[in-house]
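**Q** Below is one structure. I have some questions about it.
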Ligand code: 8YV
């Protein structure tokens, strides 16, 4: 397929891009389509008539696509997500309206799993806090860093053993004392111990790594009871969605040292992070960087584009959600 710059082609298909998304993707979309860049928080009812002619919407994980935006675009046929998570897409509404939805699975699995392992080590070994104390000159002034726990031999509990959860488990097989998991049902073909009850799972884990997909069924899955079951020596890592953990309960448990630490890449109301966490040396914070590598973001962009090209050409979509 050859592309002329869509801006010179009056027949170019109109699309909406919640953006900016990623320079390479933004540029490639502009070559293919008549792109209307729309702010992610734009009121669908206030969109200009020419924008409401859009036949496709390109969005990303933390924004998704609401029923309201779908209803505001009468010609919408396709939603292409620049993310694997589609918990912010009203998929049932899309299906009811015959709107196709695609995401970007697999291409980001390794990077997200890598960050989970990195956050595990950073949290257990106090890497961020020790970096700060060196930079502050404390070590030079004779301050001795507190001893920390060890990762090797820990019982790692993986919440959600999907593609990313399994990739995390594979990475930790060499060091974990045990790998166990909790999900709605056992995963066939895995040797890891399945624990059906969430509180038993938390009690049996030294570190919980939250790897389940987001969405209504997982909202608040890690609550105060689960955090108390994890216990004062337990830690938690979240590379999934902030909504999976009751964030107020997490902040309270960390403040009261009812758990020993947390490594967090995702939050309930991104990019806003509870300020109480900022002063906690036993917490490691990341700005949702799971898939944020050059290689992976390009691979994700290429997958978004391949799905859109398939949609335009009437070929089967590569990674359909709906
Ligand atoms: C997105 C994410 O990839 O893929 C997901 O579901 O959570 C993120 O890593 C990133 O926000 C780009 O949309």
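**Q** What does a probe at residue 285 reach in the stretch 194-236, counting residues whose amide N is under 16 Å from the point 7 Å along Cα→Cβ?
**A** Label zone hits: none.
**Q** Could you give the semi-axes, largest first, of the ellipsoid that matches the chain, computed as the square roots of 5 times the alpha carbon gyration tensor eigenvalues and rounded to whole Å?
**A** 40, 21, 18
**Q** What is the packing order of peptides 122-129, 208-215, taking the mean over residues of other C-beta atoms within 10 Å and listing the highest first?
**A** Taking the mean over residues of other Cβ atoms within 10 Å, the ranking is 208-215, 122-129.
**Q** Another question, if that's okay. Using the per-residue mean of other Cβ atoms lying within 10 Å as a proxy for protection, in what order, highest first, do the peptides 236-243, 95-102 fall?
**A** Going by the mean number of other Cβ atoms within 10 Å, highest first, we get 236-243, 95-102.
**Q** Would you mind computing, in nm to one decimal, how far apart the modelled labels at residue 40 and residue 134 are, each placed 7 Å from Cα along Cα→Cβ?
**A** 3.3 nm
**Q** Something else now. Once each part is reduced to its C-alpha centroid, what is the distance from the stretch 76-116 to the stretch 221-235 in angstrom?
**A** 30 Å
**Q** Would you mind telling me the antiparallel percentage of the DSSP bridges in the stretch 109-285, rounded to 5?
**A** Here the antiparallel bridges make up roughly 5 percent for the stretch 109-285.
**Q** Count the DSSP beta bridges whose two residues both fall in the chain, then state the antiparallel fraction as a percent rounded to the nearest 5.
**A** Bridges in the chain that DSSP calls antiparallel: roughly 5 percent.
**Q** Would you mind getting me the FRET efficiency between residue 276 and residue 193? Use the beta-carbon distance for r and R0 = 30 Å, nearest 0.05.
**A** Once the sixth-power term is evaluated, E becomes 0.30.
**Q** Radius of gyration and Dmax for the stretch 109-285's Cα atoms, expressed in Å?
**A** Gyration radius and largest Cα-Cα distance of the stretch 109-285: 15.7, 55 Å.
**Q** For 139, 31, 311, what's the fewest-to-most ordering of other Cβ within 10 Å of each Cβ?
**A** Ordered by Cβ neighbours within 10 Å, fewest first: 139, 31, 311.
**Q** What angle, in degrees between 0 and 90 and rounded to the nearest 10, separates the Cα long axis of helix 109-124 from the longest principal axis of the Cα atoms of the chain?
**A** The helix 109-124 is inclined about 30 degrees to the chain.
**Q** Let me ask something else. Starting from the Cα of residue 252, step 7 Å along the direction of its Cβ; do the same at residue 313; then give the gap between the two resulting points in nm.
**A** Using points 7 Å along Cα→Cβ, the separation is 5.5 nm.
**Q** Report, in deg cm²/dmol and to the nearest 500, the calculated mean residue ellipticity at 222 nm for the chain, where each DSSP H run with n ≥ 4 adds -39500 (n - 2.57) and the sum is divided by the residue count.
**A** -9000 deg cm²/dmol
Rule-based calculations on the coordinates, nothing more; no lab input. Everything numeric in this text was worked out from a predicted model, so none of it was measured. Virtual Cβ from ideal backbone geometry, glycine too; neighbours counted across all protein chains shown.
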